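One structure is given here, and the rest of the page talks about it.
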Amino acid sequence: MNIKKILSKKIHKSMIKAGIPSQYNVILRQCKKIELGHYQINGIISAAISLKKNPNDLANKVVKYLNLKDIISKINISKLGFINLFIKKKWLSKQINLLLTSKKLGLTKKIISENIVVDYSSPNIAKEMHVGHLRSTIIGDSMVKILSFVGHNVIKVNHIGDWGTHFGMIIAFYNYEKKKNSILISDIEKLYTKARKKYSEDIKFATESRSYVVKLQKKDPFCLQIWKKIVNITMNNHYQLYKKLNVELTSKNTMGESIYNDMLPNIITDLKKKGIAINDNGTIIIPLEGLKNKKGKLMAVIIQKKDGAYLYATIDIACIKYRYKIFKAHRIIYYVDSRQSQYLNQIFKIVKKANYVPSNIKLEHHMFGMILNKYNKPFKTREGKNIKLNNLINESIKKSKKIIIKKNPSIKKNKLENLSHIIGIGAIKYADLSKNRINNYVFKWDDMLSLNGNTSLYIQYAYVRAKSILKKVNIDFSNLLDLEIKFVNYSEFKLAITFLDFEEIILKIVDKGTPHLLCNWLYKITVLFSIFYENCKILNLQDDLLKLSRLKIVFLTSLFLKKGLLLLGIKTIKKM
């Protein structure tokens, strides 16, 4: 259930009856000090100023029409016009018991299931994944989990660049060096680096490379043979890394640019026929209305070169058309960094103009910022090279081992390996997901592996503590659903009422693609649980009803923490 939505609807009706125009929205916030109230209605003051009325008089009028007897025990109105609401303990007890019967922890809104394509990770071929791929991979994966959780049909797509100019370089250089033996991903990356160098220095090699791009697009057998080998080696390496990261991407979700190759000639013909694309001295371009370059000339997107080679734009246009036609997509979300914003917006406009997707289909670029070092520069090695993602993960696992051994020197080796893996992976993922995706952030080992603050380790510790309490009593809470919860201490009440924010948080994330909101909510739950744990006796209580009430709160805390972390792609631990 969504407590704010329930209250807001009723408050808005009473505001209209009190003479406040309907365009004034309800501003409902949790009170910082629980003795002042549980929720505060703001916005009455601004409405009163606009209507030239006394804020306190207007607030009293709103309260007069407020029909919240089943939910609210007391209402206070300040002289300034703030309305403070106190939630009934009996009503809250009922909602907490309903959460225990809910399959989705109180998610009650009926979702009209949509086909949502999520494009994420998209690593390079012929290269190992580096730290720059982290955000796209884990933000996309978390969103897949959250969208699926609420009831959408999610189509995961790992869009890989397996058909561009770089492949022409690799094939040309592969042929140049007469490579025959089996090669590793590291060998391919070295081969690609050498090919790029030769491409920039040798005009003849550059021309040959471009010719190989055309040959590959025309499915030349020799080119296809090398192409398959390089793609398979690269992707097998990536799949191992996905497994390590607990990311749900497999070969079934991988869709390279090559898939759309047969569509490209028809795309060119159709765009020309519709007058969207034109021939500019042998190059096929799409002029961009209203966009000019520095020289004042109209900007354009190139979709086919003079030599017949297609470009990324051509493929991306075909890709969107394919996703709508084949997947019947209602919504297509791209998790690509912010540098691609202008380009993707151009592609979105082209496909809409060409009627490849209807105007009501949502095409969204959920951009994200960069990972920075302590000097606010891109997070790289001292040599200026991108940090390999596998190396970053291994370093986190190594640091986690040290923390675990320090806490538990006698831990067995197999448990140490498993625990350090879960904690290490979780630390990296949570540190990233807890940041608003549109912002850059500074990478700090000490912060992400801290037992304090908004970290996965802090939340894991609270989860372990909750499970430890529950293990000692071994109660089946499904047999206690009619038992009214007693609220004696303010901390147990505040924790319980915060559970009711879950639906609101999840639906915001579904709409905006912002999993950091879930991290913030989990952190809030963890902080409130710690306060509850410190202030409320649980196992040593003589009052059986109060004991069971508090155990219910502990149980729900464990459920929310586990589900929340799993939606972020982070496994939980039972012992620390």
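The values are calculated or read from the model by the stated rules, or taken from the named source; none is laboratory data. Bear in mind the structure is a predicted one, so any value in this text is a computation, not a measurement. Here the Cβ is made from the backbone with ideal geometry for all residues, glycine too, and neighbour counts use every protein chain on show.
Pairs meeting the criteria (first residue in the stretch 1-13 and without any contact (Cβ under 8 Å) to a residue 24 or more places away in the chain, second residue surrounded by fewer than 17 Cβ atoms within 10 Å (Cβ to Cβ) and of a type in the set (S, T, N, Q), beta carbons under 8 Å, at least 6 apart or on different chains) are His12/Ser22; His12/Asn25.
Given the criteria within 34 Å of the chain's Cα centre (by Cα), farther than 30 Å from Gly369 by Cβ, surrounded by fewer than 19 Cβ atoms within 10 Å (Cβ to Cβ) and charged (D, E, K, R), does Lys103 qualify? Considered against the rule, which asks whether it is within 34 Å of the chain's Cα centre (by Cα), farther than 30 Å from Gly369 by Cβ, surrounded by fewer than 19 Cβ atoms within 10 Å (Cβ to Cβ) and charged (D, E, K, R), Lys103 comes out as yes. Pairs are defined by a Cβ separation below 8 Å, a sequence spacing of at least 6 or placement on different chains, a first member in the stretch 305-321 that is under 21 Å from Gly282 (Cβ atoms) and in a helix (DSSP H, G or I), and a second member that is among the small types (Gly, Ala, Ser) and modelled with pLDDT under 90; the pairs so defined are Tyr312/Gly161; Tyr312/Gly164.
Among what's in the stretch 84-100 and is within 26 Å of Gly43 (Cβ to Cβ) and within 33 Å of the chain's Cα centre (by Cα), pick the residue that is surrounded by the fewest Cβ atoms within 10 Å (Cβ to Cβ). Filtering the stretch 84-100 for residues that are within 26 Å of Gly43 (Cβ to Cβ) and within 33 Å of the chain's Cα centre (by Cα), the one surrounded by the fewest Cβ atoms within 10 Å (Cβ to Cβ) comes out as Gln95. Does Leu298 satisfy the condition of being touching an Asp or Glu at 6+ places or on another chain (Cβ under 9 Å), at pLDDT below 95 and more than 26 Å from Asp162 (Cα to Cα)? Here the answer is yes, as Leu298 does meet what is asked.
Right, Leu245: farther than 30 Å from Gln304 by Cβ, aliphatic (A, V, I, L, M), in contact with a Phe, Trp or Tyr (Cβ under 8 Å, 6 or more places away or on another chain) and in contact (Cβ under 8 Å) with a residue 12 or more places away in the chain or not? No, not satisfied.
Here the helices (runs of 4 or more DSSP H) wholly within the stretch 404-511 that include at least 2 residues being buried (at least 17 other Cβ atoms within 10 Å of the Cβ) are 413-433, 456-473, 490-499.
Every condition in (1) over 25 Å from the mean Cα position of the chain (by Cα); (2) within 18 Å of Thr572 (Cβ to Cβ); (3) touching a residue at least 12 places away in the same chain (Cβ under 8 Å) holds for Lys471 except the one numbered (3). Is it the case that some residue within the stretch 55-73 is closer than 30 Å to Phe560 by Cα, in contact (Cβ under 8 Å) with a residue 24 or more places away in the chain and out of contact with any helix residue (DSSP H, G or I) (no Cβ under 7 Å at 6 or more places or on another chain)? Checked the stretch 55-73: no residue is closer than 30 Å to Phe560 by Cα, in contact (Cβ under 8 Å) with a residue 24 or more places away in the chain and out of contact with any helix residue (DSSP H, G or I) (no Cβ under 7 Å at 6 or more places or on another chain).
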